[in-house]
Each structure stands twice: as C-alpha cells, then as structure tokens.
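The block underneath contains the structure these notes are about, expressed in structure tokens.
Throughout, read-outs are computed from the coordinates displayed, never taken from laboratory work. Keep in mind that what you see is a predicted model, and the values were worked out from it rather than measured.
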Amino acid sequence: MQETTIQPRNLGSAVLHEGARDRVLYVSSLYPAAARFTAEFGDRSVVALEDIFTGERIAVVDGRAGLDIDRKSCSVYRVL
C-alpha cells in the first residue's frame, strides 16, 4: 500500500532569471517526496527546457512543460 501525503499549502516555487543572452528557470521543491510541477510560459516561442546539470531536454508544448523535481531540491533549466 502506497502512503499518500497531503500538503495543505504549495511547497514549490519557480524563478525565471533573464540575462542579456540566456533565460534560466529555477524550480525548487520543499515537499517530503518527489513532486511533479507544470511550468507555464506566456511566451509561445519557448520550445524546450534543458537541465543545466544533466543536459536532458524537456519539450514545452502549448506553453507547458511537466517537471519532476526530487524531494527538497532545486532543478535548474536553460530556457530554449
């Protein structure tokens, strides 16, 4: 039997940093277990997110990307 944890508040956050050349998205989770987040972009020219550490690319479809973030951690993506 799988245990379900219900959190009364949102323990995730995202920050988009825009520099002169690059945009970087930081997504952090304070949940006690891995969590899935959806990143939404109003800019429809965004096509993918590239994990800074692993190089993995995640497609952005219709302005949305599903992100699996490990427990109590932060993932960093280059916005493509």
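Computed over the Cα atoms, what is the radius of gyration of the chain divided by 2.2 N^0.38 Å, N being its residue count?
1.16
Please report the relative contact order for the range 12-79, taking Cα pairs under 8 Å with a sequence separation of at least 6, and give it as a percent rounded to a whole number.
41 percent
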